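Data first, discussion second: the structure below is written as structure tokens.
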Amino acid sequence: MRVLFVNCCIRGEESRTLRLCRAAIDQMKESLEDVTIEELILDQEEILPLNSQRLAQRHELEEKGQFDDPMFRYARQFAAADMILFGAPYWEYQFPAMLRCYLEQVSVCGLTFVYMEDGRPKGLCKANKFFYITTAGGPILDRNCGFDYIKTLCGNMLGFTDMDYAAAECLDVWGVDVEEKLREAEGVLREKIKSWR
Ligand SMILES: Cc1cc2nc3c(=O)[nH]c(=O)nc-3n(C[C@H](O)[C@H](O)[C@H](O)COP(=O)(O)O)c2cc1C
């Protein structure tokens, strides 16, 4: 099983989100068969937002069906994975802009989804399982704009039917035992992964 780990943990080895992702990967290797991890470190990719020039180039390639162009490498990789893991800190109630730029790259009509005759999108990705991990400085409460948005995009448009989530919250709140919070979140995510079929 090829798991695509989209690593948006910008603080690298300092990142608490990355620590949770590593625990998730360890648990996947323990509980699931033949797991191989393909890690995409967004901080090393320099993915630019779509501007007029890049959008026009992309439209031209889409119309010709030239999906083997390097421009579509992220979408091809995303569509081919057996499972997707996203790790991103909770920034501005959502996630870093880098991840939004990546999502522009993977949402490609004709590659990761198509529109059906009635106008509804249909996902073309091989995977249906998606796991999202985040950590937040404060409480997330009902303002989970990052995962809510990802659920809409990946669930509604890209066809993922099985989307799960784990978080550690309040890590920057004065007096909080950060280690305890992280261990608690690791326990929760490990239990979730163990229950996957
Ligand atoms: C640019 C930036 C924006 C942030 N925005 C929020 C926010 O909106 N809400 C919140 O609770 N914490 C916010 N935080 C705090 C982070 O979510 C928190 O420190 C998180 O654990 C960082 O994850 P990391 O250790 O993986 O980098 C922000 C931190 C940064 C650097």
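With a Cα cut-off of under 16 Å and a minimum spacing of 8 residues unless on different chains, the lysine pairs in the chain number 7. Panel order for Arg197, Arg16, Arg54, by other beta carbons found within 10 Å of each beta carbon, from fewest to most: Arg197, Arg54, Arg16.
Applying 1/(1 + (r/R0)^6) with R0 = 35 Å to the Cβ-Cβ distance of Val176 and Gln66, what FRET efficiency is obtained, to the nearest 0.05? If you can, show how the numbers build up before the last one.
On the way: r = 51 Å, r/R0 = 1.46.
In this case the efficiency is close to 0.10.
Note the direction-averaged projected area, equal to a quarter of the hull surface, for the Cα convex hull of the range 2-194, in nm².
Numbers: hull surface 47.2 nm².
Directional mean of the projected Cα hull area for the range 2-194 stands at 11.8 nm².
Look at Trp196, Trp91 and count the other Cβ atoms within 10 Å of each Cβ; fewest to most, that gives Trp196, Trp91.
Hey, fewest Cβ within 10 Å first, where do Ser195, Ser31, Ser107 land in order?
Values: Ser195 9, Ser31 13, Ser107 17.
Ordered by Cβ neighbours within 10 Å, fewest first: Ser195, Ser31, Ser107.
Between helix 52-64 and the chain there is an angle of about 60 degrees, using the helix long axis and the longest principal axis of the Cα atoms. Label-to-label distance, His59 versus Thr152, with points set 7 angstrom from Cα along the beta-carbon direction: 2.4 nm.
With respect to the chain, whose longest principal axis is taken over its alpha-carbon atoms, helix 97-106 is tilted by about 40°. Considering only Lys181, Lys126, Lys64, the mean-square fluctuation computed in a Gaussian network model of the chain, springs between alpha carbons under 10 angstrom, is largest for Lys64.
The long axis of helix 178-194 is offset from the longest Cα principal axis of the chain by roughly 60 degrees.
Looking at the chain, what % of its DSSP beta bridges pair antiparallel, to the nearest 5?
On the way: 3 of 27 bridges.
Around 10 percent antiparallel, to the nearest 5.
Our estimate of slack between Ser52 and Asp34, defined as 0.36 nm per intervening residue step minus the Cα-Cα distance, is 2.2 nm. How large is Rg/Rh for the range 1-90, to two decimals, with Cα atoms and a Kirkwood Rh? Rg/Rh for the range 1-90 comes to 1.06. Modelled spin-label separation between Leu141 and Ala97, with each label point placed 7 Å from Cα along the Cα-to-Cβ direction: 2.7 nm.
Coordinate-derived values only; no laboratory data. What you see is a predicted model, and the numbers here were worked out from it, not measured in a lab. Using ideal geometry, Cβ is built from the backbone for each residue, glycine included, and neighbour counts are taken over all protein chains shown.
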